[in-house]
1. Considering every residue within region 80-103, establish whether at least one is more than 20 Å from LEU30 (Cβ to Cβ) and open to solvent by 30 Å² or more (accessible area, probe 1.4 Å).
2. Surrounded by 13 or more Cβ atoms within 10 Å (Cβ to Cβ), in a helix (DSSP H, G or I) and either in contact with a helix residue (DSSP H, G or I) (Cβ under 6 Å, 6 or more places away or on another chain) or at pLDDT below 80 (or both): is that true of THR32 in this structure?
3. If you take the residues in region 122-161 that are of a type in the set (Gly, Ala, Ser) and closer than 17 Å to TYR83 by Cα, which one is most open to solvent (accessible area, probe 1.4 Å)?
4. Restricting attention to region 41-64, does a residue exist that is open to solvent by 60 Å² or more (accessible area, probe 1.4 Å), of a type in the set (Ser, Thr, Tyr) and in a helix (DSSP H, G or I)?
Amino acid sequence: MSNAPEDYQASHRIFVVTLIAKGVLGAIQLSTAAAIYLGLAAKLPAFTQWLFKAELAENPNDFLATHIISMVGIAPASDLTFYTIYFSAHGALHIAVVMALLYGASWAHHAAIVVLWAFVAYQMFEWATVGGTALLVLTAIDLIVIYITMREYRVNRSASG
């Protein structure tokens, strides 16, 4: 890669950074699933209030604190089995695909694209039926990763062929 053009090196760095970010997101999703499964989700609003107590005492209109508290407050209090399964599957698949791509597995680019398109389709279906900004954010991230993965695959394929 030392002979690769600078634009490829920059593109590859973006690809790797994106993969690492996606892996971190996958780890957060797995942690979220574990927290829900262990019953910690019910304690999250009180914990968030405690966490931002000092900041809100200083500035009751703090943008970040008020938005995080309001987002935590909209978490459903009903059966969270769906969210446990969704976050577990989403997180585990993303981590597996990221590891395969970073490892350089020949099938990984195709698998990543298929898995991410499946999540995009599912997330758009859920958004159309239920709504939710988080689904749009996750979908946008997935679409960006699909684009970057396709670009990386094309560059690698043309370099080796």
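The values are calculated or read from the model by the stated rules, or taken from the named source; none is laboratory data. Since this is a predicted model, take the numbers as computed values, not measurements. All Cβ positions, even for glycine, are placed from backbone atoms using ideal geometry, and neighbour counts span all protein chains on display. Surface accessibility is based on the protein's heavy atoms, side chains included, excluding ligands, DNA and RNA. Shrake-Rupley method; radii C 1.70, N 1.55, O 1.52, S 1.80 Å.
1. Keep residues of region 80-103 that are more than 20 Å from LEU30 (Cβ to Cβ), which gives none.
No; the residues of region 80-103 include none that is more than 20 Å from LEU30 (Cβ to Cβ) and open to solvent by 30 Å² or more (accessible area, probe 1.4 Å).
2. Numbers: surrounded by 13 or more Cβ atoms within 10 Å (Cβ to Cβ): yes; in a helix (DSSP H, G or I): yes; either in contact with a helix residue (DSSP H, G or I) (Cβ under 6 Å, 6 or more places away or on another chain) or at pLDDT below 80 (or both): yes.
So THR32 fits the description; yes.
3. From region 122-161, those of a type in the set (Gly, Ala, Ser) are 128, 131-132, 134, 140, 158-161; that's our starting set.
Pick out the ones that are also closer than 17 Å to TYR83 by Cα and you get 131-132, 134.
On the way: GLY131: 24, GLY132: 41, ALA134: 69 Å².
Per the criteria, the residue is ALA134.
4. No; the residues of region 41-64 include none that is open to solvent by 60 Å² or more (accessible area, probe 1.4 Å), of a type in the set (Ser, Thr, Tyr) and in a helix (DSSP H, G or I).
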